[in-house]
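Values in this text are rule-based calculations from the coordinates and carry no lab data. Model, not experiment: these values are computed from the prediction. Cβ placement follows ideal geometry from the backbone for every residue including glycine, while neighbour counts extend to all protein chains displayed.
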Amino acid sequence: MTVVTEVFQVDPENIDSAAITAAARALVDGRLVAFPTETVYGLGANALDPAAIDRIFAAKQRPFSDPLIVHLANAEQIDQVAINIPDVVTSLAARFWPGPLTLVLHRAPAVASNVASGRNTVAVRVPAHPVAHALLVACALPIAAPSANLFSRPSPTTAQHVLDDLDGRVDIVLDGGTTTIGLESTVVDLTATPPRLLRPGGVGVEALRQLLPDLIVPETPLVVAEAEAVSSPGTLLKHYSPRASVVLLRGDAEAAQRCIHAAAPVLHERGLRLGLLLPDEELNGYTDIPVKLVSLGPAHDLTVIGQRLFARLRELDSLNVDVIVARAMWERDETSELAIAIHDRLYRAAEGRIFDADNPRVLEWLLNITSAVSPESTAY
Ligand code: TXA
Ligand code: MG
């Protein structure tokens, strides 16, 4: 079913209360509202209304097995959505909320069961974005909101990205500009003993360990076999995928350049368009070959790279490239808490294809990726 999507501009520093009132009324009526958070745009619906929640799954074409995050205006509302809340939540909330941390807790019966895909748990966060906050206060409801993209497309960091995927499928879009973090929240499961990191994000592991010293952090990237993914669905490999096939190249800039220079003419010959997603410092090595160059930002400015990553993957899609080569530069970077989250998203976009640029077989693998699977990716 299609609807006419209304778009309201809302300046985060000078909030238009008429737009917020209209959006809050839509939520109360069981309709869908996309809104900015500090991480990515969310596609919101009343978490207490199962029919409204079904509309989210339909609009996103999201499998019903992948549960949603419930958003609250403030931590005091947590008793409306969760039960048997462990004491540590008080200190986690004081330290990290509002902000990009999602906690998985035991679900209160009032929360629609389809929010949690039938589980007895619920994921909860209090977003820091002023527009999200104003909306949550105005509707006075817990709001379930996954990222406002079609399933398996990169998460939206602008209102235009939301419209590109969901125009005609969402009732209202609140346009509050580009989101500041650009990567989704960190998800921690507090129903597991010891607690477990399910998704790396804006809140880093070191900071979390100060309050959760026994936090289990699975080997990065956080990838599980599809069968096991039922317990932590967001860890499915093909979760953040642009339309093109993505490959990550590990190694120094010169090795990557040699490899890409060898591959580019062959791909060109085969009629395949090649896109490169590179840090600014490496761009000038590729001006003489037939590729679409997209810059991610300065290699060491992970704030900027996090903000841009999903937008740049969408940009490469709109350039109609068939193959995207990106650099795996942040895999073992411990200088920033964002590095692990950035690598995780790139790795998923690449569906696990990560090659050493100086491996003698790298050209063969690279040229085969549209048809064959590499030796490394079959390990997952
Ligand atoms: O930053 C964010 O978290 C954004 C904004 C809009 O808040 N939302 C977001 O939602 O990224 P979504 O649906 O794209 O990702 C939700 C993640 C998924 O990995 C999902 O599997 C996990 O949270 N999740 C939700 N409920 C869960 C539950 N009860 N148990 C385990 N994982 C859960
Ligand atoms: Mg998502």
Please express the shape of the chain as an equivalent ellipsoid: the semi-axes are the square roots of 5 times the eigenvalues of the C-alpha gyration tensor, given largest first in whole angstrom. 36, 23, 18
Distance cut-off 17 Å, percentage of C-alpha pairs in region 246-304 lying past it: 38 percent
Formal net charge of residues neighbouring Arg209 (Cβ-Cβ distance under 13 Å; K, R +1; D, E -1): -1
Note on the chain: helices (DSSP H) long enough, at least 18 Å by alpha carbon along their axis, and hydrophobic enough, mean Kyte-Doolittle at least -0.5, are 253-269, 302-318, 337-349
Sort the following peptides by mean Cβ neighbour count (other Cβ atoms within 10 Å, averaged over residues), highest first: 27-38, 4-15. 27-38, 4-15
Filter the trypsin sites (Lys or Arg not before Pro) in region 283-339 to those in DSSP coil with at most 12 other Cβ atoms within 10 Å of their Cβ, and list the result. Arg332
Is any residue of region 77-94 close enough, with backbone N under 20 Å, to a label point placed 7 angstrom from the Cα of His106 along the Cα-Cβ axis, and if so, which? 77-93
When all alpha-carbon pairs of region 264-380 are counted, what percent fall beyond 26 Å? 18 percent
